[in-house]
Amino acid sequence: MAGGSGEALAVDAEVVIVGAGIAGLATALALRRVSVGGVLVLERHSSTPTGTALTVYPNGWIALRALGVGHKLTSRYEGCGTCVRPADRKALLEALAEELPPGTIRFSSKLVSIKTETAESSPETAVLRLEDGTVIRAKVLIGCDGVHSVVARWLGLSKPVTSGRSAVRGLAVYPDGHGLRKEVRQFLSEGLRAAMVPINDTEVYWFLVNNTVAAQKEARTDPMKILREVTDNLGSHMPPEYLDVVRHSSHDSVSWVPLLYRSPWSILTGRAARGPVTVAGDAFHPMTPDLAQGGGSALEDAVVLARAVSRAATPAEGVAAYVSERRGRAALLVAGAYLSGWVQQGGTDVQGLRGCMVKLFRDWIFYRFIFRRLAGMMWYHCGDLVPPTSNEEGKNHSG
């Protein structure tokens, strides 16, 4: 590290991860588990983003066990049914962050530019410039910076596109207990899908996915307006217990955002790696939430990426191996989530005979045959994390 008066601070790192969400923290921890040191996580905000809650399926818990933190959450959150266990997103992020060395996460660090450089007889290096002027050189750069990823844009991946739908999410709080059964309850109507699930005795996670309406732009930054739109308009025909949950929402947990995704073809063929630079989580494969696989797939990415990097002779080889392994599954998840959401909501703006055909397809084909195959994807095993063997020691990518 160097820098004097009037000079930009210069930092060298083994691995830089952009973004301290689920994908970023999980990847940092996975790298630590395989003995890759010198990891720096850059977070543009002043604290780790939290969000509301998420439902984690077996594939996610398999990855969490590989990361060594599954026990922290299974002891706090009960399962709902045979395969899904909801969890507080903040608790998940804290469980991951607690395992990282102090100083791993650097807050208020906004990435503004990326370039690569190659010195004679040395592997390619990523050079990052932050908004405060800091220059960081990294042997591996991993973008975990979400749907609107700076790293994905630099790689040349296509922009995420709109699904024509939006999602309202919130976390209801009942200080004296909600008294609800520990189960996922889903509600379907024309152009709308809603659900609620208790995550513990006092909190209930809920969401409502709707065909995008003009009111979203007016209300999306005002929790009170969002909740009124749900209870008085979008979800006014929902069961009373669902509306009661919505009304008990903590205002700082409420959000209303458009649902974006990257086309499966772009995931399969796009440039997801360039030398020692790649992406993971939503930065790689943003998807609609209809299979509840955004968080689970990010955890899978972390395990596969760390394993590939730790076993490769060079950073570029590790990054390439990771992308090769993940492309197919990521594309299938994105396609499956889009199809599931479109069919379950009766099609986006589909009316008349075509709308009836979509409903027939949903009730007689999709639920009976296709959804079972999609559900099987939730039992995917990403593999374990083990430190490199003795003959792989030293592959920490020092030049």
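Looking at VAL254 and the list (1) open to solvent by 30 Å² or more (accessible area, probe 1.4 Å); (2) touching a Pro at 6+ places or on another chain (Cβ under 7 Å), which single condition is not satisfied? That leaves (1) as the condition not met. Charged (D, E, K, R) and closer than 25 Å to GLY341 by Cα: is that true of ARG137 in this structure? No; evaluated as a whole, the condition is false for this residue. The condition (being within 26 Å of GLY70 (Cβ to Cβ) and either part of a helix (DSSP H, G or I) or more than 14 Å from the chain's Cα centre (by Cα) (or both)) is satisfied by just one residue among ALA331, ALA316, ALA321, ALA335: ALA321. Checked across region 82-97, the condition of being open to solvent by 50 Å² or more (accessible area, probe 1.4 Å), farther than 24 Å from VAL204 by Cβ and among the hydroxyl-bearing types (Ser, Thr, Tyr) holds for no residue. Residue count for region 52-75, restricted to those that are farther than 20 Å from THR288 by Cα and of a type in the set (Val, Ile, Thr): 3. Restricting region 104-124 to residues that are within 23 Å of the chain's Cα centre (by Cα) and part of a loop (DSSP other than H, G, I, E, B), the residue that is surrounded by the most Cβ atoms within 10 Å (Cβ to Cβ) is SER109.
When the residues of region 260-280 are filtered to those that are assigned to a helix (DSSP H, G or I), touching a residue at least 12 places away in the same chain (Cβ under 8 Å) and surrounded by fewer than 23 Cβ atoms within 10 Å (Cβ to Cβ), the one that is nearest to the chain's Cα centre (by Cα) is PRO264.
The helices (runs of 4 or more DSSP H) found entirely in region 142-259 include none that carry 3 or more residues being within 26 Å of ARG354 (Cβ to Cβ), over 20 Å from the mean Cα position of the chain (by Cα) and of a type outside the set (Gly, Ala, Ser).
Among the candidates VAL127, VAL135, single out the residue that is farther than 22 Å from GLU317 by Cα, open to solvent by less than 30 Å² (accessible area, probe 1.4 Å) and among the β-branched types (Val, Ile, Thr). Within the list VAL127, VAL135, the selection yields VAL135.
For region 10-33, the criterion of a residue being open to solvent by less than 40 Å² (accessible area, probe 1.4 Å), among the polar types (S, T, N, Q) and in a helix (DSSP H, G or I) is satisfied by at least one position.
For region 246-274, residues that are of a type in the set (Gly, Ala, Ser) and modelled with pLDDT of 95 or more total 6.
Regarding region 357-373, can at least one residue be identified that is modelled with pLDDT of 95 or more and of a type outside the set (Phe, Trp, Tyr)? No: region 357-373 contains no residue that is modelled with pLDDT of 95 or more and of a type outside the set (Phe, Trp, Tyr). Among the residues of region 309-319, the ones that are over 26 Å from THR288 (Cα atoms) and open to solvent by less than 50 Å² (accessible area, probe 1.4 Å) come to 7 in all.
Please work out which residue is least open to solvent (accessible area, probe 1.4 Å), limiting yourself to region 41-73 and to residues that are hydroxyl-bearing (Ser, Thr, Tyr) and at pLDDT 90 or above. Among those that are hydroxyl-bearing (Ser, Thr, Tyr) and at pLDDT 90 or above, it is THR55.
Close contacts from region 228-242, counting a first residue that is under 14 Å from ARG193 (Cβ atoms) and open to solvent by less than 100 Å² (accessible area, probe 1.4 Å) and a second that is part of a helix (DSSP H, G or I) and at pLDDT 95 or above, with Cβ to Cβ under 6 Å and a gap of 6+ residues or different chains, come to VAL230/VAL246.
The values are calculated or read from the model by the stated rules, or taken from the named source; none is laboratory data. Only a predicted model underlies this, so the values are computations on that prediction, with no experimental measurement involved. Glycine also receives a Cβ, built like all others from the backbone with ideal geometry; neighbour counts cover every protein chain displayed. What goes into the accessible areas is simple: the full protein's heavy atoms, side chains included, and nothing from ligands, DNA or RNA. Shrake-Rupley method; radii C 1.70, N 1.55, O 1.52, S 1.80 Å.
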